[in-house]
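Heads up, the thing below is written out as structure tokens.
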């Protein structure tokens, strides 16, 4: 069995390139924002800070294998003298990144009236990044590519990568479910329970569009800030074309169905935990 560990390491280096940790990091961002915006009182400052640190570590580890490609992209941008907007795009991206970081710190540390402008900006960021959580469903393509390439032994696939994919997909989609449940709890608390179902369906529809743009057109969440006109143009084109619209509709149905199932499981587990704390046997 001494060959097992080298094969696993080689598979990660040559096939997977850290996508699992990076996509889980992106899925965790709306989850943290949902607790900060909608249910901040449900987590103590200590646990919330610990969660932020853990998500940050996951992001750093996931970004590591992508660093050479990111550096090369930055180099190409700086060397692109044919475009007078290259430096402007770079400065704009840095400004947006700095603003997002400061905004996150401000939201996480401030227990302010949720109707302030900062809360609304945080809500927009939450909605922009939310499709990253169900996006992990499409990452099954990495397993298909990895197993069909012949680079990974069958035993490694069966014992490592199938369970790893299942866990990553489950965690990412659960982040999506809990994020929406936190939003639903906020709406119920503020007397807007009737809006929960329409808003859930709207979020599924928007997430389906976001997944299509990310998986097939390779857009990222931050492209809404760095290239909003391009994102809008491609979105309108997708919605008015038969094949992309069909893909988006099927994705919407899958998201809505899986969300309903996972919602029942999540709420059931929450109820069982409450029973256990109260000393109630659920079988009684």
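Each of 241, 179 has some number of other Cβ atoms within 10 Å of its Cβ, and from fewest to most they run 241, 179. Taking the number of Cβ atoms within 10 Å of each Cβ as an exposure proxy, the fewest-first ranking of 251, 138 is 138, 251.
Going from the fewest other Cβ atoms within 10 Å to the most, the residues 139, 281, 237 appear in the order 281, 237, 139. Highest mean packing comes first when the peptides 127-134, 257-264 are listed by Cβ atoms within 10 Å, giving 127-134, 257-264.
Taking each residue as 0.36 nm, the span from residue 153 to residue 57 lengthens on full extension beyond its C-alpha to C-alpha distance by 31.6 nm.
Taken together, the values in this text are just the output of simple stated rules run on the coordinates, not laboratory data. Note that the coordinates shown come from a computational prediction; the quantities given were computed from them, not determined experimentally. Glycine gets a Cβ as well: all are built from the backbone with ideal geometry, and neighbour counts include every protein chain shown.
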